[in-house]
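What follows is a single structure, written as structure tokens, with notes after it.
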Amino acid sequence: MRSAPHSRPLRVVIVSRLYAPEPAAATFRLSALERELARRGCDLTVLTTTPAPGSPEAMASSRSVRVRRWPALRNREGYVRGYLPYLSFDLPVLGRLLATRRPDVIVVEPPPTTGLVVRLAAWLKRVPYVYYAADIWSVAAQETGAPTPVTRLLRWMERAAWRGASPVMTVYPSLVEGVRAIDPEVAVALVGHGADTAVFRPDGEVPSMDGPYLVYAGTASEVHGAGIFIDALPLVLARVPDARLVVIGQGEDRPAMERAARSLPDGTVTFLPRLDPATTASWIRGARASLASVRPGPYGFALATKVFAAAACGTPVVYVGAGEGGELVSREALGAVVDYEVGGVADAMVAALRAGSDATRRDALVRWAHEHGSIDAAAGRAADTIMRTARATRGAS
């Protein structure tokens, strides 16, 4: 008599160069997915890197989760970002995957180079993989002015990584459209995104500042264009002299932002490193508004995930840029939406700084975050997709 083939837990391997405790949208997303898969009884292995120096203390994982780390090259900001850093992660991860006990499914995060390595390993091990595409890298490269041959090569690699996946998971509707515009044959599943509402919440300590402040928390890369908030500050200070701006995190634009801030009065801008989620939440909940931006251009469809964290803390958003992010903030009354233009940005910043505390509005923001912007709900949808993929393959074997 044949034994039941599905009696053992599903084996899932996650491959990502970014993982807890490094604070980033990808790590929050994957940590929530880890918790959900562990809750469902999956046997889970994570192949990632050793944390960057100065990273917050690692969060404890479930006993059913094995986090296996390997060093990789990092750039000056401490990120595994750039051709050599990617290669330093991708080449070892191929051997690490082949040496790992055969899983039922592999989940891989970008960059596309890692996706190609996972596609090869999945083919060799005869298992499916799911590509977790929270960004379109070839479009982002175009936005940052990469040479045309580079963007073409990146698009080829990205399409190849997508085509082998079963399916590609994305986090917001316009990204689904972006993937299908590049390759209509790719199978895409929308799983959504959000904030960890157990950490980002309205109650708790808030930092002490000597004036009302706004906060920009997260990566300040070329596609965000967060320097516009520094550019707007002289106009803001003329109307709110004690205004303050707090910038948390790293990114390619941060050095330029720091240089621009030197022309402002001392204490106007406070730059902080990457912080653990709880500390970041304290800065957001104490702010008059959380700032988010997406520079207009090919990548203008992106949605800054800072919106979800701010709403969960009961803090309104000043969203700079069009696209889906602006539509969401406007439609759900999560804050103000302005064009990417210094005068309008300054007006919105002044209005946010002058606004007093509004308990009714705060409660409405928190309620929306719990109902529509919970990262745990998104993780549940992602886990559904992953487990369906694994079971379909296991049932066919």
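Would you say Met209 is assigned to a loop (DSSP other than H, G, I, E, B) and touching a Lys or Arg at 6+ places or on another chain (Cβ under 9 Å)? Spelling it out, Met209 is indeed assigned to a loop (DSSP other than H, G, I, E, B) and touching a Lys or Arg at 6+ places or on another chain (Cβ under 9 Å).
Please tell me if Ala189 is aliphatic (A, V, I, L, M), at pLDDT 90 or above, open to solvent by less than 60 Å² (accessible area, probe 1.4 Å) and in a loop (DSSP other than H, G, I, E, B). Give the derivation first.
On the way: aliphatic (A, V, I, L, M): yes; at pLDDT 90 or above: yes; open to solvent by less than 60 Å² (accessible area, probe 1.4 Å): yes; in a loop (DSSP other than H, G, I, E, B): no.
The answer is no for Ala189.
So which residues in the stretch 373-389 are open to solvent by less than 40 Å² (accessible area, probe 1.4 Å) and in a helix (DSSP H, G or I), if there are any at all?
Ile375, Ala378, Ala379, Gly380, Ala382, Ala383, Thr385, Ile386, Met387, Thr389, listed by residue number.
His370 meets the conditions (1) part of a helix (DSSP H, G or I); (2) free of Cβ contacts under 8 Å to residues at least 40 places away in the same chain in every case but one. The failed one is (2). Beta carbons closer than 9 Å, at least 6 apart along the sequence or on distinct chains, pair a first residue in the stretch 151-163 that is without any contact (Cβ under 8 Å) to a residue 40 or more places away in the chain and within 12 Å of Ala141 (Cβ to Cβ) with a second that is of a type in the set (Phe, Trp, Tyr) and open to solvent by less than 70 Å² (accessible area, probe 1.4 Å) for Arg155/Trp137.
Of all the numbered requirements in (1) surrounded by fewer than 17 Cβ atoms within 10 Å (Cβ to Cβ); (2) of a type in the set (A, V, I, L, M); (3) in contact with a Gly (Cβ under 9 Å, 6 or more places away or on another chain); (4) not in a loop (DSSP other than H, G, I, E, B), Ala181 misses one, and that requirement is (3).
Considering (1) under 18 Å from Glu77 (Cβ atoms); (2) part of a loop (DSSP other than H, G, I, E, B), the lone condition that Pro265 does not fulfil carries the number (1).
Scan the stretch 124-139 and tell me whether some residue there is among the small types (Gly, Ala, Ser), open to solvent by 10 Å² or more (accessible area, probe 1.4 Å), in contact with a helix residue (DSSP H, G or I) (Cβ under 6 Å, 6 or more places away or on another chain) and assigned to a helix (DSSP H, G or I). No, because not a single residue in the stretch 124-139 is among the small types (Gly, Ala, Ser), open to solvent by 10 Å² or more (accessible area, probe 1.4 Å), in contact with a helix residue (DSSP H, G or I) (Cβ under 6 Å, 6 or more places away or on another chain) and assigned to a helix (DSSP H, G or I). I need a count of the residues in the stretch 61-101 that are under 21 Å from Glu36 (Cα atoms), open to solvent by 90 Å² or more (accessible area, probe 1.4 Å), part of a loop (DSSP other than H, G, I, E, B) and in contact (Cβ under 8 Å) with a residue 24 or more places away in the chain. Of the residues in the stretch 61-101, 0 are under 21 Å from Glu36 (Cα atoms), open to solvent by 90 Å² or more (accessible area, probe 1.4 Å), part of a loop (DSSP other than H, G, I, E, B) and in contact (Cβ under 8 Å) with a residue 24 or more places away in the chain. Of all residues in the stretch 299-321, none are in a helix (DSSP H, G or I), of a type in the set (D, E, K, R) and surrounded by fewer than 21 Cβ atoms within 10 Å (Cβ to Cβ).
The values are calculated or read from the model by the stated rules, or taken from the named source; none is laboratory data. Remember, predicted model here, so these are calculated numbers, not experimental data. FYI the Cβ positions are ideal-geometry reconstructions off the backbone, even for glycines, and counts take in every protein chain you see. Surface accessibility is based on the protein's heavy atoms, side chains included, excluding ligands, DNA and RNA. Shrake-Rupley method; radii C 1.70, N 1.55, O 1.52, S 1.80 Å.
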